[in-house]
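A.B. asks: I am attaching a structure below and will ask some questions about it afterwards.
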Amino acid sequence: MKLFSARPLVQLLLPKLRIAMSRTLTTGTFQNSLPLNYRGGTRVQPIDSVGEEQAYEPSTGRVISTFPCSGEKEVNEAIQSAKAAFKIWSQKSGMERSRVLLEAARIIRERSEELATMETINNGKSIFEARVDIEISWQTLEYYAGLAGSMAGQHVQLTGGSFAYTRREPLGVCVGIGAWNYPFQIACWKSGPALACGNTMVYKPSPFTPITVVLLAEIFKEAGGPPGLFNVVQGGAATGEFLCNHPDVAKISFTGSVPTGSKIMGMAAKGIKPVTLELGGKSPLIIFSDSNLENAVNGAMMANFLTQGQVCCNGTRVFVQRDILEKFTEMVVEKVKKIQIGDPLLEDTRMGPLINRIQLDKVFGFIKGAKEQGAKILTGGDPYTPKDPKLKGGFFMNPCVLGNCKDDMTCVKEEIFGPVMSILPFDTEEEVLQRANNTTYGLAGGVFSRDIQRAHRVVAALQAGMCFINNYNVSPVELPFGGYKKSGFGRENGQVAMEYYSQLKTVCVEMGNVESVF
């Protein structure tokens, strides 16, 4: 008779040890010493490489990992590992796959503090936000665990007792290429529906944020997934090209910039591979004079300053009806000045550093250009120097609000990807809709108004894939997410994502004799 769980004692104690370790990690102390590639159920060093990359701790500017970029041979090994696992995983029932996803979700929930801490160290976002990201991550796996057993076809009755049916089947080895702003969460957004449908995955995170995705790979293994279910290769553009051009890859899902998405689409076209592209945005947020002004201001803050403004669907073009422009601007500037900037691992911090020096300088370049084109800096837009000496090398800036903006300014037309809000006045609904849609992007859009008929009318006219009424940047896993125009195509999240990771087979069954015209 056993009084304890069948799990070894070390496994019972490990979660508590991990939580304790995450609480002892402070900014400026982490240094990675483990391999960051993962295949066949274990961490590995790549068997070949094409150069190396360095990952930084944005808060301090320290290099926390130097790692080799996976070469063509290593990419092939990872894909073959996934291909072998596909033979096992695709034959499991939806309920069997569901149990693995549910267990992975449970482990993430159990280790949420450790994972959020690592995400903050490598990405720079506040621990407050990172915890939300991890919560969304386990919810994503739970959601798709619930859908794994629901994959079903259709029965169609034909003449004379014959019939047909359809089967929804997995694609095979899927490639996920993630972005650096939501490293762990995007990996779950892609792997959740992919694995639920019976596919396996090879994932390449951004070289800026290589740390936490490997932890997800380990979690899938611990949850009972077969070796090779979820593999990780590290690297930049060259590694991505090896993945996209590999003949054994069945599908590619990419989150990132428009230029890179265009290149991936071109490579996928050579192999006639389906792609899901979640690309950039320059989204409009329209605030009518009848809005609840406090809610509108809060919505504009959420639309611009989460993750230091490094969010693809941010509503950075804030159109404000002219008769409330002055009051709205005053309230926004007051709130922005109060944002607590600093060490992202501290509980009261609400804005950490940008991802790296290159991105920080790029944002400053946009602000300088805006000023030269006639925009007025209402607050921020300059470097922020924390008092804590260990943060002196970090990539911090004061969040910025730009007034006196015009539609033809570069800061209004191009994606900045930093904490910069542009405020633009408008007079009529017809006018603002024309201006809001005058962009090559179409990822998101929002409207604040007490007139619910107008709100629905406006979002119906917006050329954007994700729209909000009287809120912004709310993306529960149940809702499909994706863009129009150059913001990409395909959808992540929601039930519809299952269609993008599966294919439909039609089977026609003859119950009588075959008649031939020959």
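A.B. asks: Select from segment 344-369 the residues that are assigned to a loop (DSSP other than H, G, I, E, B) and either in contact with a helix residue (DSSP H, G or I) (Cβ under 6 Å, 6 or more places away or on another chain) or open to solvent by 80 Å² or more (accessible area, probe 1.4 Å) (or both) and list them in ascending order.
C.D. replies: Those that are assigned to a loop (DSSP other than H, G, I, E, B) and either in contact with a helix residue (DSSP H, G or I) (Cβ under 6 Å, 6 or more places away or on another chain) or open to solvent by 80 Å² or more (accessible area, probe 1.4 Å) (or both): Pro344, Leu345, Leu346, Glu347, Asp348, Arg350, Leu354.
A.B. asks: Filter segment 218-253 for residues that are touching an Asp or Glu at 6+ places or on another chain (Cβ under 7 Å), hydrophobic (A, V, I, L, M, F, W, C) and not in a helix (DSSP H, G or I) and give the result.
C.D. replies: Correct list: Ala223, Val233.
A.B. asks: How many residues does segment 497-514 contain that are of a type in the set (A, V, I, L, M, F, W, C), in contact with a helix residue (DSSP H, G or I) (Cβ under 9 Å, 6 or more places away or on another chain) and assigned to a loop (DSSP other than H, G, I, E, B)?
C.D. replies: Matching residues across segment 497-514 total 1.
A.B. asks: If a residue has to be touching a helix residue (DSSP H, G or I) at 6+ places or on another chain (Cβ under 8 Å) and either closer than 27 Å to Gly146 by Cα or surrounded by fewer than 19 Cβ atoms within 10 Å (Cβ to Cβ) (or both) to count, how many in segment 438-456 make the cut?
C.D. replies: Of the residues in that region, 2 qualify.
A.B. asks: If I filter segment 148-165 for residues that are modelled with pLDDT under 95 and crowded, with 18+ Cβ neighbours inside 10 Å, do I get at least one hit?
C.D. replies: Looking for residues that are modelled with pLDDT under 95 and crowded, with 18+ Cβ neighbours inside 10 Å, one finds at least one in segment 148-165, hence yes.
A.B. asks: When you scan segment 330-343, how many residues do you find that are assigned to a helix (DSSP H, G or I) and in contact with a helix residue (DSSP H, G or I) (Cβ under 8 Å, 6 or more places away or on another chain)?
C.D. replies: Of the residues in that region, 4 qualify.
A.B. asks: Could I ask something else about it? In the list Lys221, Lys204, Lys251, Lys263, which residue meets the criterion of being open to solvent by 10 Å² or more (accessible area, probe 1.4 Å) and touching a Pro at 6+ places or on another chain (Cβ under 8 Å)?
C.D. replies: Numbers: Lys204 fails: touching a Pro at 6+ places or on another chain (Cβ under 8 Å); Lys251 fails: open to solvent by 10 Å² or more (accessible area, probe 1.4 Å); Lys263 fails: touching a Pro at 6+ places or on another chain (Cβ under 8 Å).
Among Lys221, Lys204, Lys251, Lys263, only Lys221 is open to solvent by 10 Å² or more (accessible area, probe 1.4 Å) and touching a Pro at 6+ places or on another chain (Cβ under 8 Å).
Condition check ((1) under 30 Å from Met351 (Cα atoms); (2) assigned to a helix (DSSP H, G or I); (3) among the hydroxyl-bearing types (Ser, Thr, Tyr)) across all residues:
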residue: Val75; (1), (2), (3): no, yes, no
residue: Lys92; (1), (2), (3): no, no, no
residue: Glu129; (1), (2), (3): yes, yes, no
residue: Trp138; (1), (2), (3): yes, yes, no
residue: Ser150; (1), (2), (3): no, no, yes
residue: Thr166; (1), (2), (3): no, no, yes
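A.B. asks: Would you point out which residue out of Val401, Val412 is touching a residue at least 60 places away in the same chain (Cβ under 8 Å), out of contact with any His (no Cβ under 8 Å at 6 or more places or on another chain), in a strand (DSSP E or B) and of a type in the set (A, V, I, L, M)? Outline the logic, then answer.
C.D. replies: Values: Val412 fails: in a strand (DSSP E or B).
Being touching a residue at least 60 places away in the same chain (Cβ under 8 Å), out of contact with any His (no Cβ under 8 Å at 6 or more places or on another chain), in a strand (DSSP E or B) and of a type in the set (A, V, I, L, M) holds for just one of Val401, Val412, which is Val401.
A.B. asks: Determine if segment 414-422 includes at least one residue that is surrounded by 24 or more Cβ atoms within 10 Å (Cβ to Cβ), of a type in the set (Phe, Trp, Tyr) and touching a Lys or Arg at 6+ places or on another chain (Cβ under 8 Å).
C.D. replies: Looking for residues that are surrounded by 24 or more Cβ atoms within 10 Å (Cβ to Cβ), of a type in the set (Phe, Trp, Tyr) and touching a Lys or Arg at 6+ places or on another chain (Cβ under 8 Å), one finds at least one in segment 414-422, hence yes.
A.B. asks: Still on this structure, please answer the following. The conditions are (1) crowded, with 18+ Cβ neighbours inside 10 Å; (2) more than 16 Å from Thr307 (Cα to Cα); (3) in contact with a strand residue (DSSP E or B) (Cβ under 7 Å, 6 or more places away or on another chain); (4) not small (Gly, Ala, Ser), and Lys337 fails exactly one of them. Which is it?
C.D. replies: Status for Lys337: all satisfied but (1).
A.B. asks: Which residue pairs have Cβ atoms under 6 Å apart, sit 6 or more places apart or on different chains, and have a first residue in segment 344-362 that is over 12 Å from Pro58 (Cα atoms) and free of Cβ contacts under 8 Å to residues at least 60 places away in the same chain and a second that is of a type outside the set (Phe, Trp, Tyr) and open to solvent by less than 90 Å² (accessible area, probe 1.4 Å)?
C.D. replies: The qualifying pairs are Asp348/Gln340.
A.B. asks: Restricting to segment 166-201, name every residue that is farther than 30 Å from Asn304 by Cβ, open to solvent by 10 Å² or more (accessible area, probe 1.4 Å) and in contact with a helix residue (DSSP H, G or I) (Cβ under 9 Å, 6 or more places away or on another chain).
C.D. replies: Of everything in segment 166-201, those that are farther than 30 Å from Asn304 by Cβ, open to solvent by 10 Å² or more (accessible area, probe 1.4 Å) and in contact with a helix residue (DSSP H, G or I) (Cβ under 9 Å, 6 or more places away or on another chain) turn out to be Arg168, Pro170, Leu171.
A.B. asks: State all residues of segment 432-444 that are over 17 Å from Glu414 (Cβ atoms) and touching a residue at least 12 places away in the same chain (Cβ under 8 Å); if no residue qualifies, say none. Steps first, please.
C.D. replies: Within segment 432-444, the subset over 17 Å from Glu414 (Cβ atoms) is 432-434.
Residues satisfying the conditions are Val432, Leu433.
A.B. asks: Give the number of residues within segment 224-248 that are open to solvent by 20 Å² or more (accessible area, probe 1.4 Å), within 19 Å of Val44 (Cα to Cα) and touching a strand residue (DSSP E or B) at 6+ places or on another chain (Cβ under 7 Å).
C.D. replies: The qualifying residues number 0.
A.B. asks: Take the residues in segment 370-410 that are of a type in the set (S, T, N, Q) and in contact with a strand residue (DSSP E or B) (Cβ under 9 Å, 6 or more places away or on another chain), then tell me which one is most open to solvent (accessible area, probe 1.4 Å).
C.D. replies: Taking the candidates together, the pick is Asn404.
The values are calculated or read from the model by the stated rules, or taken from the named source; none is laboratory data. The structure displayed is predicted, hence computed values, not measured ones. Every residue, glycine among them, receives a Cβ derived from its backbone with ideal geometry; neighbour counts consider all protein chains shown. With ligands, DNA and RNA removed, areas are computed over all heavy atoms of the protein, side chains included. Shrake-Rupley method; radii C 1.70, N 1.55, O 1.52, S 1.80 Å.
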